[in-house]
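What follows is one structure encoded as structure tokens, with my remarks underneath.
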Amino acid sequence: MIIIKQGGGEIISGASMKDVPNILWLEEIRKEDIISVGGKGASLGEMASIGLPVPRAFVVTAQAFRRFLVESGLDQKIFTMSDHLDVENNEALEKAADSIKALVLKAKMPAAIKDEIRAAYKKMSANNLIVAVRSSATAEDLPDASFAGQQETYLNIKGEGALLSAVQKCWASLYGARAIYYRAKQGFDDRTVNIAVVVQQLVRSEKSGVMFTSHPITGEPLTIIEGSWGLGEAIVSGSVSPDKYVFNQQGEQIAERMVAEKKIEILPDGDNGTKTVEITGTRRNAQVLSDDEVTKLATYGKIAENHYSVPQDVEWGIVAGTIYILQSRPITTIGNKKEAKGMSGQKKEAKIILQGQGAAPGTAAGKVVIIRDVKDTGAVKEGNILVTRMTNPDMVPAMRKVAAIVTDEGGMTCHAAIVSRELGTPAVVGTKTATQVLKNGQIITVDGEMGLIYDGALEMAAPAKTTAAPMAGAAAAGPVITATSVKVNVSIPEAAARAAATGADGVGLLRIEHLILGLNKTPGWFIANNREEDFVRELHDGIKIVLDAFPGKPVWVRTLDAPTDEFRNMMGGESEPHEHNPMLGWRGIRRDLQSPEQFRLQVDAFKRLWKEGYENLGVMFPMVSHPDQFIAAKEMMRGWGVDVENVTLGIMIEIPSSAIMVEDFLKAGIRFASFGTNDLIQYTIAIDRNNENVADMYQPKHPAVLSLIHGAIQMCRAYNVECSICGQAGSDPKMAVWLVEHGIASISANIDAIAKIREAVARTEKRIILEAARNRDAE
Ligand code: PEP
Ligand code: MG
């Protein structure tokens, strides 16, 4: 293995730089080469080396990047600049990042590297093959260093010139402000961080899918293949019901073919991005794979399983009759069935060491890693249990990796709870003492449903993440039709596909502050640094992902509603006012009305989306307490060129005053209203929703709360305006029953609650109809 060490301009220790070429072909790469080719390159190489039909690729090695830095004289310049950089000084950080990126982009790539890339590209195909160019960062102490914001990918690259420039752009992306900031926070020395670039033939699959090389639950020698039309995202995201084929490895024959109705496919959209297209005609119910293709796939699956010695979860694609294997990784679910059976027995004997609120369902066991400061998140490894006082947006990359999350603070609607539910990661919040009671490295089991933490790894621990297959299964069963719309809440765009796979009737709340908080910069920072366009684009792109997942269905996008304390740790956070009670402070509509520039930038993003034809986008204003605020917001939007009478504008009812004055809002022209019960409850009965000390006094069904909700529903009905709920109470089936009985028009629940809410709504509606019919008969 080659170890690269950067110090004072000298590059390599442990091996000569000459030992690793600038270019490595997949066939030459083995998993041990990870430090030269990154995680992506290494796993592709390993698959190619055993004869799997991986799309052709080569890797521009980390050493090529180092040679580039040295030969162009950039290394010293860059390291001097980053050595003296105070990453907490946003202006300086941005400036340094921009200058370093510009230096890297402007520097001349050494002729030898250029020639080798050109020659490799030509060797792939004589006529300008379309390739994907992906960066893969590596670091000495963490070979596959997937730092947030650093993994630039350029798709649809064609021609030598475009390829060379994409490679250089990948190199430059190592020095994005965010990447430098994360590295500094996570304690990485910039001198040991490298970047490899994978150049791979782009596969535009005509059919694609996943394959379990052995039965994913029982481990029996049955290969299960799911296949559908178009690109693989459709199955992986669970937005299509795929065909299913079972291949019996013992009898070497196809044991089952189940052809599903495939309603949509995901296709490349021109040269950039993808689009979802409805499947019409005979392809909808046609069998996707021929028997020959099933048999070939199963054979490739067996090769992978034999090589890795464990059953594999494989992604594949087929273009013009050629099969490509795109990814292979171990199946993690085998054995769960057995474990699930032992659950109740195990639980009785197990020792409960901590208790909190079950905030995101699921059970997982793993090693505790306590995070006291965001700069420690580098210590978080795949499968750990993240234990912290309270999560914040900086921690989302770490939250993605872990098997479960436990916090000291918070309630069902805190950051940890909302993000965990959307990531499908079990979470227990508000334990008060987790960071003191638990120890680093201790093995625990987290029950995110019951809010319990057990000592040791209980066998009941089920897989942490919801896999694509059950999601597809749920969609295949077909949604129950209800008269009351059942919608879904979304906070992070990456949850959009999971949310859409529930078959929800739209998005009743898209919290855009999570989108902004994830950028790690406050809106004020963007404005102060003349980066308004970046802000608008990020917002536009994030919202668009959600709109695209819900074609033709209403998506209510809420304007910014982050309390000042949530902005504090971000770039620009130092300019946020210190408030004694941020919950009652400068947030929601009141802040936007006083910060017209911040409001206008959000409206610019909405305008772009409306112009692009997303008529399903509605805008919802948070924290309104008086109709004048709605009117003022509407007038400001009119002033910025929005056709306010013809777009959908509505409000959240989350302050008692707005419930009491709802008729005035209706007269002012709101098109919908949605109960934000998380806040409505705290403001009605004066119980801080995030304070674990009073959590047991937080009463969603307090008579005063129900009375406000009841009154507002009736008034909205009288004005024929949609009245909805998007607070956490809407994810409680009992509350859903009460709401349907009281005439609510729609309920927006969390992704994990949709199925049970839909069932509760359907039953209640049927009961109401039945009772009405019986009463009529009795008359
Ligand atoms: C609410 O208050 O119920 C709501 C949905 O908004 P948030 O939780 O974002 O305050
Ligand atoms: Mg709220």
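The values are calculated or read from the model by the stated rules, or taken from the named source; none is laboratory data. Keep in mind the model is a prediction, meaning the values are calculated, not measured. As a convention, Cβ positions derive from the backbone with ideal geometry for all residues, glycine included, and neighbour counts pool all protein chains shown. Accessible surface areas use protein heavy atoms only, side chains included; no ligands, DNA or RNA. Shrake-Rupley method; radii C 1.70, N 1.55, O 1.52, S 1.80 Å.
At-a-glance table
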item	result
Order by protection proxy (mean Cβ within 10 Å, highest first), peptides 725-734, 655-664, 767-776	725-734, 655-664, 767-776
Sites residue 696 and residue 759, calculated FRET efficiency, Cβ-Cβ separation with R0 25 Å, nearest 0.05	0.35
Members of 262/607; 31/401; 122/158 lying beyond 23 Å, as alpha-carbon distances in this model show	262/607
Percentage, to the nearest whole number, of Cα pairs in the chain over 39 Å apart	41
Cα centre as origin, Lys/Arg/Asp/Glu Cβ charges: the stretch 674-746 dipole, Debye	220
Length gained when the stretch residue 528-residue 584 is fully extended (0.36 nm per residue, less Cα-Cα span)	17.6 nm
Backbone HN-Hα couplings from phi across the stretch 165-182 [Karplus 6.51/-1.76/1.60, Hz, Gly and Pro as x]	6, 5, 4, 5, 5, 4, 4, 5, 5, 5, 10, x, 4, 5, 5, 5, 4, 4
Per-residue HN-Hα couplings for the stretch 350-365 [Karplus 6.51, -1.76, 1.60; θ = phi - 60°; Hz; x = Gly/Pro]	6, 9, 7, 10, 7, 9, x, 9, x, 9, 9, x, x, 10, 8, 10
Using a Förster distance of 51 Å, the FRET efficiency for residue 296-residue 77 (Cβ separation, nearest 0.05)	0.45
Label-zone membership for the stretch 652-667, site residue 625, 7 angstrom Cα→C-beta point, backbone N under 12 Å	655-658
Summed side-chain charge close to residue 92 - residues other than residue 92 whose Cβ falls under 12 Å, Lys, Arg +1, Asp, Glu -1	-4
FRET efficiency estimate (nearest 0.05) - Cβ-Cβ, residue 537 to residue 123, R0 51 angstrom	0.85
Cα gyration tensor category, rounded, prolate or oblate, for the stretch 738-779 with a/c compared to 1.5	prolate
Approximate spin-label separation residue 612-residue 767, in nm, with each point projected 7 Å along Cα-to-Cβ	4.4
Order by protection proxy (mean Cβ within 10 Å, highest first), peptides 594-602, 280-288	594-602, 280-288
The stretch 643-779: relative contact order in percent, alpha carbon pairs under 8 Å with at least 6 residues between	21
Cβ-based net charge around residue 499, under 13 Å, with every Lys or Arg adding one and every Asp or Glu removing one	0
Helical mean residue ellipticity (222 nm; -39500 (n - 2.57) per DSSP H run of 4+; nearest 500) of the chain	-11500 deg cm²/dmol
Overall form of the stretch 551-680 per C-alpha gyration tensor (a/c, 1.5; a/b vs b/c)	oblate
Across the chain: Cys residues that no other cysteine approaches within a C-beta distance under 4.7 Å	170, 414, 726
Point-to-point label distance, residue 704-residue 440, nm (Cα→Cβ direction, 7 Å offset)	4.6
Accessible area (Å², per residue) of the stretch 630-758, counting only protein heavy atoms and a probe of 1.4 Å	38
Three-way shape label, the stretch 624-779, alpha-carbon gyration tensor, a/c 1.5	oblate
Convex hull volume per residue for the stretch 519-619, taking Cα atoms only, in Å³	99
Local electrostatic count at residue 326 - Lys and Arg +1, Asp and Glu -1, tallied over other residues with Cβ under 13 Å	+3
Under the Karplus curve 6.51 cos²θ - 1.76 cosθ + 1.60, θ = phi - 60°, whole-Hz ³J(HN,Hα) for the stretch 644-650, x wherever Gly or Pro sits	4, 6, 10, 10, 8, 10, x
Backbone N under 17 Å from the residue 19 label point (7 Å along Cα→Cβ), restricted to the stretch 26-45	29-38
Among beta bridges that DSSP assigns inside the chain, antiparallel share in %, nearest 5	65
Segments 672-685, 290-303 sorted - mean Cβ within 10 Å per residue, highest first	672-685, 290-303
Long-range HN-HN contacts of residue 230 with modeled amide H, under 5 Å	207, 208
Cut-off 19 Å (backbone N to label point 7 Å along Cα→Cβ of residue 575), residues of the stretch 78-113	87-98
Distance between modelled label sites at residue 285 and residue 102, nm, 7 Å Cα→Cβ extension	6.3
Cross-link table 263/553; 40/439; 40/296, entries beyond 28 Å C-alpha to C-alpha	40/439
